[in-house]
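The values are calculated or read from the model by the stated rules, or taken from the named source; none is laboratory data. What you see is a predicted model; the values in this text were computed from it and never measured. Using ideal geometry, Cβ is built from the backbone for each residue, glycine included, and neighbour counts are taken over all protein chains shown. Ligands, DNA and RNA are excluded from the accessible area calculation, which covers all protein heavy atoms including side chains. Shrake-Rupley method; radii C 1.70, N 1.55, O 1.52, S 1.80 Å.
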Amino acid sequence: MNDGTAPLVVVDAANTVGSVPDGWWRDRHGATERVRDALAGLARTGLPERADVPEWARRAPLDIVLVVEGAARGVAPVPGVRVEAARGSGDDLVAELVAARAPERPCLVVTADRELRRRVTAHGAEVAGPRAVRG
């Protein structure tokens with residue numbers, strides 16, 4: 001659902017892919033596709049119950065945006081997950097997406113990057129670590 005009313009979940013792909021030492025460095029594009037595919041399931045069910053996942057993010061529908069950069073720029077969207085390719089810094093695009101949403105629209109950013117967390121919370125977003133979407 002992408003009508004601008006569903007809660008927004010923005011996922012920092014580089015940070016999320018790199019959070020699990022599963023050989024992602026050998027195939028960043030493929031690893032990002034695997035994260036994208038897992039997100040598609042979560043778009044239908046909601047995120048798992050965790051201390052850092054707000055109650056509203058545990059229920060579908062969610063508007064999930066995967067922000068990609070570098071070697072992952074060619075990752076295509078799938079039903080339930082929009083993919084936004086950063087022209088430059090993925091962190092800058094995540095912050096732009098959060099700042100551009102309607103202020104009353106709930107927003108969760110998935111990243112472990114401390115500076116990005118600071119930037120998005122300044123725009124009213126909540127934050128969760130990569131395990132919120134990587135199990």
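For the range 60-74, give me each residue that is open to solvent by 10 Å² or more (accessible area, probe 1.4 Å) and among the hydrophobic types (A, V, I, L, M, F, W, C).
Step one: list which residues in the range 60-74 are open to solvent by 10 Å² or more (accessible area, probe 1.4 Å), which gives 60-61, 69-71, 73-74.
Answer for the range 60-74, where residues must be open to solvent by 10 Å² or more (accessible area, probe 1.4 Å) and among the hydrophobic types (A, V, I, L, M, F, W, C): Ala60, Ala71.
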Check your understanding: Only one of (1) crowded, with 21+ Cβ neighbours inside 10 Å; (2) farther than 11 Å from Ala13 by Cβ; (3) over 14 Å from the mean Cα position of the chain (by Cα) fails for Ala43. Which number is that?
Key -> (3)
Review point. Is there any pair with a first residue in the range 42-69 that is in a loop (DSSP other than H, G, I, E, B) and a second that is open to solvent by less than 60 Å² (accessible area, probe 1.4 Å) and hydroxyl-bearing (Ser, Thr, Tyr) whose Cβ atoms are under 9 Å apart and which are 6 or more apart or on different chains, and what are they?
Key: Glu69/Ser89
Exercise for review: Quickly run through the range 86-108 and pick out the residues that are more than 17 Å from Pro54 (Cα to Cα) and either open to solvent by less than 30 Å² (accessible area, probe 1.4 Å) or assigned to a helix (DSSP H, G or I) (or both).
Suggested key: Ala86, Gly90, Asp91, Asp92, Leu93, Val94, Ala95, Glu96, Leu97, Ala99, Ala100, Arg101
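For the range 83-107, enumerate the residues that are closer than 17 Å to Gly4 by Cβ, of a type outside the set (Lys, Arg) and in contact (Cβ under 8 Å) with a residue 24 or more places away in the chain. Step through it out loud before you land on a result.
So the first thing to find is which residues in the range 83-107 are closer than 17 Å to Gly4 by Cβ, and the list is 84, 96-107.
Then keep just the ones that are of a type outside the set (Lys, Arg); that gives 84, 96-100, 102-104, 106-107.
Hits for the range 83-107 are Leu97, Val98, Ala99, Ala102, Pro106, Cys107.
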**Study point:** Number of the condition not met by Val11 [criteria: (1) in a strand (DSSP E or B); (2) open to solvent by 60 Å² or more (accessible area, probe 1.4 Å)]
**Key:** (2)
Review point. Out of curiosity, is Gly80 touching a Leu at 6+ places or on another chain (Cβ under 9 Å), in contact (Cβ under 8 Å) with a residue 40 or more places away in the chain and open to solvent by 10 Å² or more (accessible area, probe 1.4 Å)?
Key: yes
Review point. Is it the case that some residue within the range 16-38 is of a type in the set (Phe, Trp, Tyr), at pLDDT 95 or above and either more than 28 Å from Ala122 (Cβ to Cβ) or in a helix (DSSP H, G or I) (or both)?
Key: no
Study note, to complete from the structure: Taking the range 109-133 and keeping residues surrounded by 17 or more Cβ atoms within 10 Å (Cβ to Cβ) and outside any strand (DSSP E or B) leaves Thr111, Asp113, Leu116, Arg117, Arg119, Val120, Ala125, Gly129, Pro130, Ala132, Val133
